[in-house]
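The values are calculated or read from the model by the stated rules, or taken from the named source; none is laboratory data. None of these values were measured; they are calculated from a predicted model. Methodologically, a virtual Cβ is constructed for each residue, glycine included, from the backbone with ideal geometry; neighbour enumeration extends over all protein chains shown. The area values use the complete protein model at the heavy-atom level, side chains included, leaving out ligands, DNA and RNA. Shrake-Rupley method; radii C 1.70, N 1.55, O 1.52, S 1.80 Å.
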Amino acid sequence: MSAEGRGGGGSVWRCACAERAGARSAITVLGRLLAAMGRRARERRRPQQQRGGEQGGGGGGEQGWSGGYPEIVKENALFERYYRGQAVVPAAEWDAFMAALREPLPATLRITGYKSHAREIRHCLKERFFAELRGLRVDGQEVEMPQPLSWYPEELAWHTNLSRKILRKSPQLEKFHQFLVSETECGNISRQEAVSMIPPLLLNVNPHHKILDMCAAPGSKTAQLIEMLHADMNDPFPKGFVIANDVDNKRCYLLVHQAKRLNSPCIMVVNHDASSIPNLQIDVDGKKEILFYDRILCDVPCSGDGTMRKNIDVWKKWTTQNSLQLHGLQLRIATRGVEQLAEGGRMVYSTCSLNPIENEAVIAALLEKSQGALELADVSSELPGLKRMPGITKWKVMLKDGQWFEEWKDVPLNRQTQIRPTMFPVKDEEKLKAMNLERCLRILPHHQNTGGFFVAVLIKKSPMPWNKRQPKVHQKLSQRTEDAEVTTTNADDGSEDTAEEPTLAENEESKKMQESQNSDTEQSKKGGVCGPPPSKKMKMFGFKEDPFVFLPEDDPLFEPIQKFYALDPSFPKMNLLTRTQEGKKRQLYMVSKELRNVLLNNSEKMKVINTGIKVWSRNSDGEQFGCAFRLAQEGIYTLYPFIHARIINVCIEDVKILLTQENPFLSKFSSETQKKVKDMAMGSIVLKYDPDPEKPDELQCPIVLCGWQGKTSLRAFVPKNERLHYLRMMGVEVFKAKRKEEESEGKTEEEGQCGAAQTEEGTDVEDKEHDLVTKMEAEIGEESSHSPVESSAMEVENKIEDLGQFSKNSNNHVSQESKDSDTNDVKD
């Protein structure tokens, strides 16, 4: 190269170096500038934090929040003035009421009632965990023995004076807390506020009822409704169902997470604005008819001043403006609910607020516009043991500046956008008496150490007056041939739904509402109430979900499954669906016949987030064993009554081996189990344990597990928390120190990611994991196939931790296809 060329290249190189040096210099200067800004900001905050600490509690140490912020003062003068003026609380009880509000809310839990082993969980709680709390002191405070809620049936709900904070932070209670967390993940226990349990109980749900939960997230009440549907565990497909709705797309996935713990084929989660939730149609004897619900839960958004004991921010944020802004929405939602309620049906309206503007005012306005179509049910004899206050008949309206108004005519024109006539009590004494507002329930915190709550139970006696002269919708169903539109059989259960005259079709209703809006406004200004409040057009939220595609009757996919598992001829294969229209079907889900009817006839007007339970998963190597799909633990209790092949009955010692060891050799099992497995082909199996009534000390509830038979081994496909649950029920100690668990979590996570693909597809795990099994054998030692598995807490937990790739994947209730939420952020 010439000197000129070298010189030119050197010049370019030097320019590039200079540019890079300049960039580095600029980055350095920017970094120093940001650091200086950060130091100055911290210096400015420090005096404020010191002052805040002094204000928060004389020295700021223990009483202030971390970071130097002052503790929230549990005082609100406007709140006290407002509720003293409303006479919601008897004057003699006012001090006790305010004192209770300033105390932390006790922890409460509920045992899921429909599972066959609810009694075993209750026994385990009472005899083991509660007994260990006797005489225990935490932070100088004696821990009271947990007590059953006197008004909740069968001692399935308990409360203690332990707050959530103490439960999480106290080392003495770590074992109890981990038990609660693990059992909650399995769906065997729900940590739910006591007053939140009341509305589902007052619905009086039966297994054949069609139920709508209008504002369902986060899902604790929805879970109660599902349990009630499955009161008879011998019926895998009750005729009723729950449609759980929420307007918040993100909270819908939290709702899915809650509902899927209960493994029901009778739950559907949808995403709509409750005030304009669409009318659904179902096929009844070849005709389309409007779907009316036997039971509706209307737990509306509210100001939440009944939750002050757990949401302490309410103390400083509370104002009367909150209730004034919510009243109209609450009335619209309640009106939409009663429109969709069947004649003779029951709707429960509830809030976690004590405010009559959100409670009695909404109910009174609804009763007035119903013109006798609705009535308040007398539930004074229901839930004996529950202390309650009757609804009030007189109340006033207050602005956020403290100004009171007793009648609509006193409200100045410039305030009539904030205050509406429906917020005031009815002046006609006869009308007011006929409403029976005293039948409403108000739960006060100091009566039974709970939160505050309001409940009203409404019965529908006849169609709403604005629906009486509307024609019935009768459309002859066309024959369908596409996968997602297979003709369904009659889904009606003989209830009173079809006897109700239908509400308006969506377009007719929107038009009528728009026309009536102006006249309604004029009537309101005069103090009258006319017709339902104006409704809004339906909006779709969030991203588009994958489709729900039912298998056609002649789908070749099903025949090898039917043959492999010897499915009963009564198996409802038409209820199987997938979440993909193209490519291989990886997961098969199942819904009840009634929900299938709803899905097929409303796909265009309803946004479904999730429905169905997973019953089979594709196994990448399964075809060589005779079936491409293995059983899924999520749906095994639904499938089991229809399976007549590949079932192995095991003893309790075999169950312990299956749950404490990942891939045990057949030689470890009882001789009876080895004989049953000997002549069975490799592949997916059912492992069934039946209790022995003559051995009362052993587990007295049946267990059904999904398993996999290898060449020389047998394993169970069970999520980790479910494994721990069964081991607890069998008396095996599974607790391990939290710190130890956290240390091993990272390793488990890494192993889980490495083996997730093979595990999810249910491959022949024996050959791929032989090294792991050999290592485990060396560490644990060979155990006799006839001897019980006696493991310490550390051993049992370590065995399960070592199998993270299986447990983590099996516990994933969220398939990529269904986009379910996998979040643990559960609040009441």
Check your understanding: Which members of region 697-719 meet the condition of being in a loop (DSSP other than H, G, I, E, B), farther than 17 Å from Pro664 by Cβ and either among the hydrophobic types (A, V, I, L, M, F, W, C) or in contact (Cβ under 8 Å) with a residue 12 or more places away in the chain (or both)?
Key -> Glu698, Leu699, Gln700, Cys701, Pro702, Pro719
**Study point:** Residues of region 400-426 satisfying the condition of being touching a Phe, Trp or Tyr at 6+ places or on another chain (Cβ under 7 Å) and farther than 17 Å from Gln86 by Cβ
**Key:** Trp408, Val411, Pro421
Check your understanding: Can Leu291 be described as touching a Leu at 6+ places or on another chain (Cβ under 7 Å), hydrophobic (A, V, I, L, M, F, W, C), surrounded by 20 or more Cβ atoms within 10 Å (Cβ to Cβ) and in contact (Cβ under 8 Å) with a residue 12 or more places away in the chain?
Key -> yes
Check your understanding: Under the condition of being among the polar types (S, T, N, Q) and under 40 Å from the mean Cα position of the chain (by Cα), which residue from region 671-692 is surrounded by the fewest Cβ atoms within 10 Å (Cβ to Cβ)?
Key -> Thr673
Point to revise | Pair list, Cβ < 8 Å and 6+ apart or interchain, from region 169-184 residues that are among the acidic types (Asp, Glu) to residues that are at pLDDT 85 or above and open to solvent by less than 10 Å² (accessible area, probe 1.4 Å) | key: Glu183/Ile121; Glu183/Ile189; Glu183/His725
**Study point:** Output for region 192-216, where each listed residue is surrounded by fewer than 23 Cβ atoms within 10 Å (Cβ to Cβ) and under 11 Å from the mean Cα position of the chain (by Cα)
**Key:** Gln192
Study note, to complete from the structure: Flagged in region 217-256 as β-branched (Val, Ile, Thr) and buried (at least 24 other Cβ atoms within 10 Å of the Cβ), in numbering order, are Thr222, Ile226, Val242, Ile243, Val256
Practice item. Scan region 442-459 and report the pairs whose first residue is of a type in the set (D, E, K, R) and whose second residue is part of a helix (DSSP H, G or I) and open to solvent by 10 Å² or more (accessible area, probe 1.4 Å), with Cβ atoms within less than 8 Å and a gap of 6+ or a chain change. Key: none
**Study point:** One residue from Glu694, Glu722, Glu733 being farther than 30 Å from Val256 by Cβ, among the acidic types (Asp, Glu) and either touching a residue at least 60 places away in the same chain (Cβ under 8 Å) or in a helix (DSSP H, G or I) (or both)
**Key:** Glu733
Check your understanding: Out of all the residues in region 557-585, which are modelled with pLDDT of 90 or more and either among the polar types (S, T, N, Q) or open to solvent by 50 Å² or more (accessible area, probe 1.4 Å) (or both)?
Key -> Glu559, Pro560, Gln562, Lys563, Pro569, Ser570, Lys573, Met574, Asn575, Thr578
Exercise for review: Run Arg84 past the list (1) closer than 20 Å to Phe453 by Cα; (2) in contact (Cβ under 8 Å) with a residue 60 or more places away in the chain and report the number of the one that doesn't hold.
Suggested key: (2)
Review point. Does at least one position in region 344-352 carry a residue that is at positive phi, open to solvent by 10 Å² or more (accessible area, probe 1.4 Å) and assigned to a loop (DSSP other than H, G, I, E, B)?
Key: no
Review point. Based on what the data block shows, is Val608 in contact (Cβ under 8 Å) with a residue 24 or more places away in the chain, closer than 15 Å to Ile267 by Cα, buried (at least 23 other Cβ atoms within 10 Å of the Cβ) and in contact with a strand residue (DSSP E or B) (Cβ under 6 Å, 6 or more places away or on another chain)?
Key: no
Exercise for review: Kindly indicate whether Val314 is buried (at least 24 other Cβ atoms within 10 Å of the Cβ), in contact with a Ser or Thr (Cβ under 8 Å, 6 or more places away or on another chain), free of Cβ contacts under 8 Å to residues at least 40 places away in the same chain and not aromatic (Phe, Trp, Tyr).
Suggested key: no
Practice item. Report, ordered by the first and then the second residue, all pairs with beta carbons closer than 8 Å, sequence separation of six or more or different chains, a first member in region 372-401 that is among the acidic types (Asp, Glu), and a second member that is in a strand (DSSP E or B). Key: Glu375/Leu458; Glu375/Ile459
Practice item. Kindly provide the set of residues from region 656-670 that are in a helix (DSSP H, G or I) and open to solvent by less than 10 Å² (accessible area, probe 1.4 Å), ordered by number. Key: Ile657, Leu658, Leu659, Thr660, Lys668
Practice item. Confirm whether Asn610 is farther than 21 Å from Arg630 by Cα, assigned to a strand (DSSP E or B) and not basic (Lys, Arg). Key: yes
Exercise for review: Determine which member of the set Ile211, Ile189 is under 20 Å from Ala107 (Cβ atoms) and in contact with a helix residue (DSSP H, G or I) (Cβ under 6 Å, 6 or more places away or on another chain).
Suggested key: Ile189
Review point. From the list Leu125, Leu162, Leu109, which one is in a loop (DSSP other than H, G, I, E, B) and closer than 17 Å to Val181 by Cα?
Key: Leu162
Check your understanding: Residues in region 711-734 that are crowded, with 24+ Cβ neighbours inside 10 Å and hydroxyl-bearing (Ser, Thr, Tyr): how many?
Key -> 2
Point to revise | Residues of region 619-655 that turn out to be open to solvent by 30 Å² or more (accessible area, probe 1.4 Å) and of a type in the set (Lys, Arg), as a count | key: 0
Practice item. Tally the residues that are within 19 Å of His447 (Cα to Cα) and not in a loop (DSSP other than H, G, I, E, B), restricting the search to region 128-157. Key: 3
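Table: residues versus (1) out of contact with any Gly (no Cβ under 9 Å at 6 or more places or on another chain); (2) surrounded by 22 or more Cβ atoms within 10 Å (Cβ to Cβ); (3) of a type outside the set (Asp, Glu).
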residue	(1), (2), (3)
Glu430	yes, no, no
Cys440	no, yes, yes
Pro445	no, yes, yes
Gly451	no, yes, yes
Leu458	no, yes, yes
Ser462	no, no, yes
